């Protein structure tokens with residue numbers, strides 16, 4: 001299968017979508033593995049507003065809270081604005097490393113899935129069978 | 001004249017196995033019969049399709065595709081009963097089946113505007129905006145504790161409320177009835193109420209609205225997935241089943257990942273009604289467009305693969 005063929009890029013698109021599904025499941029797993037001490041010490045004012053604490057408690061938005069903390073754990077500098085730059089010290093190294101990969105993957109997979117889908121769609125429209 | 005190539009029948013081959021191997025059509029596929037008829041027409045020496053012998057030479061050619069007639073679809077399809085509910089339906093259950101049938105065929109008209117409305121309300125009622133209201137109570141507490149003067153209190157209260165008013169824009173009338181933000185978010189004086197009673201009441205109400213919109217989003221995802229499962233069940237063509245499956249999976253997963261990305265952005269940014277609507281419409285459009293692009297791509301490049309059977313979805317959505 002040539003790299004230039006539509007079949008190849010369709011397979012790439014399907015793999016990206018499958019990776020997105022795996023990513024969502026992985027984020028769910030990380031949600032349950034989030035160190036409790038991180039939430040106890042930092043998921044409260046003044047780091048988060050009271051309204052934010054209410055909003056990001058319970059399904060499904062608690063998952064977003066996990067992603068936010070994963071970003072702060074993987075990339076400590078991103079937490080400077082909220083005063084969360086030291087949170088990473090409370091999480092084990094493996095959790096920080098996985099967090100870094102997952103946050104990168106969220107951005108990478110979303111962007112690349114949209115790009116590949118758009119490319120395939122435009123190709124199909126511009127060069128109909 | 002048809003172009004063809006020659007195929008040597010091997011031990012254990014049957015016509016159905018050859019059709020699956022060479023063209024990817026299983027015997028349950030709607031295109032299988034066309035492929036078999038075409039092979040029979042190229043090989044008139046075969047009298048019985050169930051009896052081919054190892055070592056025989058078969059002529060195989062490109063299967064002529066029946067042109068798919070694309071009918072313009074009406075904006076809202078009139079409910080027509082899908083195949084899976086036409087048999088043995090009790091008379092008293094017909095109404096329910098028609099409702100299910102309508103849902104199956106028109107789920108998009110429910111889930112897309114519903115998704116935009118739920119998303120826009122959820123974005124607008126983000127913690128960033130609701131906390132602006134609570135800030136009024138905090139400013140009042142500072143004033144009563146003597147930390148700020150009356151002038152400072154008035155100025156800070158007005159600027160916070162103006163910011164909220166600007167953010168909610170025309171939604172103000174919906175959120176507070178016929179009152180303005182400044183009239184609704186006020187300090188309670190007299191009546192035995194705590195000073196921040198009105199603020200707490202409105203913040204609580206808006207928080208509840210945010211929760212309803214959160215739940216609404218989850219319900220709509222469920223409705224969309226159920227409708228897709230019903231469509232897969234009621235569609236006879238394997239190709240169409242796969243198109244529905246690819247479209248559903250692509251739009252759902254990408255929509256969820258886009259939701260995660262928007263959530264990370266929203267947490268520290270109180271946004272206005274325009275941005276809320278743009279984000280909601282944008283994520284719904286990305287999700288919908290992703291599904292359509294994946295469907296078109298499958299139709300063009302991936303239709304040899306039977307994902308519905310391969311993933312076991314065919315068994316679930318029967």
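The values are calculated or read from the model by the stated rules, or taken from the named source; none is laboratory data. None of these values were measured; they are calculated from a predicted model. Glycine gets a Cβ as well: all are built from the backbone with ideal geometry, and neighbour counts include every protein chain shown.
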Inset, instruction - Might you let me know whether the stretch A:23-36 holds any residue that is in contact (Cβ under 8 Å) with a residue 60 or more places away in the chain, in a helix (DSSP H, G or I) and within 11 Å of chain B (Cβ to nearest Cβ)? - result: yes
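So which residues in the stretch B:253-267 are more than 7 Å from chain A (Cβ to nearest Cβ), in contact with a helix residue (DSSP H, G or I) (Cβ under 7 Å, 6 or more places away or on another chain) and either surrounded by fewer than 21 Cβ atoms within 10 Å (Cβ to Cβ) or modelled with pLDDT under 80 (or both)?
Result: B:259, B:262, B:266.
One line per residue, one yes/no per condition, for (1) crowded, with 16+ Cβ neighbours inside 10 Å; (2) in the same structural domain as residue B:227 (by TED's automatic domain parsing); (3) at pLDDT 80 or above; (4) more than 23 Å from the chain's Cα centre (by Cα):
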residue	(1), (2), (3), (4)
B:24	no, no, no, yes
B:49	no, no, yes, yes
B:61	no, no, no, yes
B:69	no, no, no, yes
B:82	yes, no, no, no
B:107	yes, yes, no, no
B:121	yes, yes, no, no
B:124	yes, yes, no, no
Inset, instruction - Determine the pairs where a residue that is in a loop (DSSP other than H, G, I, E, B), located within the stretch B:123-136, has a partner that is at pLDDT below 70 with Cβ atoms under 6 Å apart, the partner being 6 or more residues away or on another chain. - result: B:126/B:266
Inset, instruction - May I ask you to verify whether residue A:114 is exposed (fewer than 14 other Cβ atoms within 10 Å of the Cβ), part of a helix (DSSP H, G or I) and either in contact with a helix residue (DSSP H, G or I) (Cβ under 8 Å, 6 or more places away or on another chain) or without any contact (Cβ under 8 Å) to a residue 60 or more places away in the chain (or both)? - result: no
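Is the stretch A:78-85 home to any residue that is crowded, with 16+ Cβ neighbours inside 10 Å, under 30 Å from residue B:219 (Cβ atoms) and within 11 Å of chain B (Cβ to nearest Cβ)?
Scanning the stretch A:78-85 turns up no residue that is crowded, with 16+ Cβ neighbours inside 10 Å, under 30 Å from residue B:219 (Cβ atoms) and within 11 Å of chain B (Cβ to nearest Cβ).
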Inset, instruction - Name, by its number, the condition in (1) facing another protein chain (nearest Cβ under 10 Å); (2) in a helix (DSSP H, G or I) that does not hold for residue A:128. - result: (2)
